[in-house]
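Chemist: I have a structure I would like to understand better, so I am pasting it below and will then ask my questions one at a time.
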Amino acid sequence: LNNHPDFAEIIKGCWSGLNFEGSRQLVISKKLKELKNIIRTFSNENFSNLELRVAEAFDNLISCQQVSLNSPSPAAAAAEEVAHRKWSTLAKAEDSFLCQRSRIQWTSEGDANTAFYHRAIKSRRDQNQIDLLIDEDGSVIHSLDAIKDHVVSYFKNLLGGVVTPTTSSP
């Protein structure tokens, strides 16, 4: 989803267009709940039946390339470029989906406690660890306790008070 060219704009537009009243935590919770439906719809429209859509996009690309080879023209080149972009986007999405699926299966089934399995788990743990944070002032925070304190403080400030929505007139 992240790699889709329209995804970030849809999320930004939706997020800024939602106005709820209540504490910051409640507002964020309601926005996330609403955003979930929008993301689900977007995903279904753009990435459902991925394997079939990739195959169709590839066939369309081959067809456009044949037209470009047989009778070159700016219109044929533009059609080929559009077909290539669509196929590339769908192929990347399919690759990402398959990678995530294989990771889930591999992690759930394990690898019989081999050294390779334990190295892979350690590598993932190291990759997901926060070693340092840079705060709003640009200061680097290295200590684990200081990182914890900063994160707690940040989210208390973020989710703390009551927010009333602002309405903007067009």
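Please treat every number below as a calculation from the coordinates, not as lab data. As the structure is a computational prediction, the values presented were derived from the model and not from experiment. With ideal geometry, Cβ positions are generated from the backbone for all residues, glycine too; neighbour counts draw on all protein chains shown.
Chemist: Provide the FRET efficiency to the nearest 0.05 for the Val82-Arg40 pair, computing r from the beta carbons and using R0 = 25 Å.
Modeler: 0.40
Chemist: Give, in nm to one decimal, the length gained when the segment between Lys92 and Ser123 is fully stretched (0.36 nm per residue of separation minus the Cα-Cα distance).
Modeler: That works out to 8.7 nm of additional length.
Chemist: List the lysines whose Cα sits under 24 Å from the Cα of Lys122, skipping any in the same chain fewer than 8 residues away.
Modeler: Cross-link targets: Lys148.
Chemist: Loop-only GluC sites (Glu not before Pro) in the stretch 1-91, please: DSSP not H, G, I, E or B, and at most 16 other Cβ atoms within 10 Å.
Modeler: For GluC sites (Glu not before Pro) across the stretch 1-91 that sit outside H, G, I, E and B with at most 16 neighbouring Cβ atoms in 10 Å, the list reads Glu21.
Chemist: Going by a ≥ b ≥ c, the root eigenvalues of the Cα gyration tensor, does the stretch 1-48 fall in the rounded group (a/c under 1.5), the prolate group (a/b larger than b/c) or the oblate group? Let's see the in-between values first.
Modeler: Values: a/c = 3.11, a/b = 2.11, b/c = 1.47.
Since a/c reaches 1.5 and a/b is larger than b/c, the shape of the stretch 1-48 is classed as prolate.
Chemist: Among Ala8, Asn44, Ser153, whose Cα lies farthest out toward the positive end of the dipole of the chain, if unit charges sit on the beta carbon of Lys, Arg (+1) and Asp, Glu (-1)?
Modeler: The Cα lying farthest towards the positive end belongs to Ser153.
Chemist: Taking H as built 1.01 Å from N, whose amide H comes closer than 5 Å to the amide H of Ser23, not counting residues under 5 places away?
Modeler: Result for Ser23 returns Val163.
Chemist: For the chain, which DSSP H helices look membrane-span-like by this rule: Cα extent along the axis of 24 Å or more and mean Kyte-Doolittle of at least 0.0?
Modeler: 50-70
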